[in-house]
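Every number here is computed from the coordinates shown, using simple stated rules; none is lab data. Predicted model, so just to flag it, every value in this text is computed and none were measured. Positions of Cβ are generated from backbone atoms using ideal geometry, with glycine treated the same way; all protein chains shown enter the neighbour counts.
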Amino acid sequence: MHYLVKLLGHLVVLEVSLLLLATLVLACSFLLQLNPWLIMGPLPLQSFGRFLAYSLLASVAVATFQTWLSMRVPGLWVGLVIGLLGSWCALKLAGASAWSQVIPWGLAAKMASVFERWRPLPWGHVAGNLAVGLLLAILGMADFVRRSEPRA
């Protein structure tokens, strides 16, 4: 239960930060539209909303894995190195393989290719990535219950 509470806390912090970022983007978009010299068109709100939803879903598996890793392996460096290596591997797999949806960072790496090449968001990979996130959450809860002495 402790793992689930910690995971939900991490997800809430991620989503609040995503909402703060979205609010700042909307405010900056409005301010840029006020200056006619910048020739800023209106922000496509429908595309922006889809991107925010995709970002929210992409963060679930990453947060699940990193929460488990931080509880299992103490210290900052192991989690940081694994996160960087996972992100790098996911970026390398993002365009080459459909298997990128089964690693926690896969959906986030797909978002990078959307901006790089202006492709549509691959919504078909969301279900696989959420299934991986759910499986990791179940395994994390089982691992925490199995240990005799939980680490804080």
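Observations
- Sequence of 111, 1 once ranked by neighbouring C-beta atoms within 10 Å, starting from the fewest: 1, 111
- Seen against the Cα atoms of the chain and their longest principal axis, helix 126-146 is set at about 30 degrees.
- A full extension of the chain between residue 82 and residue 45 corresponds to an added length of 9.8 nm, given 0.36 nm per residue minus the alpha carbon distance.
- Inter-label distance for residue 134 and residue 92, nm, one decimal - labels placed 7 Å from Cα along Cα-to-Cβ: 3.1
- Dipole magnitude of the chain, debye to nearest 20 (Cβ charges: Lys/Arg +1, Asp/Glu -1, about Cα centre): 220
- Equivalent-ellipsoid semi-axes of the range 33-92, from the Cα gyration tensor, Å, largest first: 37, 14, 11
- Annotation: peptides 27-36, 10-19, ranked by per-residue average of other Cβ atoms within 10 Å with the highest first, follow the order 10-19, 27-36.
- Using the Cβ-Cβ distance between residue 27 and residue 112 with R0 set to 25 Å, the FRET efficiency from 1/(1 + (r/R0)^6) comes to roughly 0.55.
- Fluctuation leader among 42, 122, 74 - the chain, Gaussian network, Cα springs under 10 angstrom: 42
- CD proxy at 222 nm, helix term only [per DSSP H run n ≥ 4: -39500 (n - 2.57); per residue of the chain; nearest 500]: -26000 deg cm²/dmol
- Footprinting exposure proxy for 56, 38, 93 (fewest neighbouring C-beta atoms within 10 Å first): 38, 56, 93
- Proxy reagent accessibility, fewest Cβ within 10 Å first, across 136, 69, 24: 24, 69, 136
- Its Kirkwood hydrodynamic radius, worked out from the mean inverse distance over all distinct Cα pairs, puts the chain at 17.1 Å.
- Computed over the chain with a Gaussian network model linking Cα atoms closer than 10 Å, the most mobile of 86, 133, 41 is 41.
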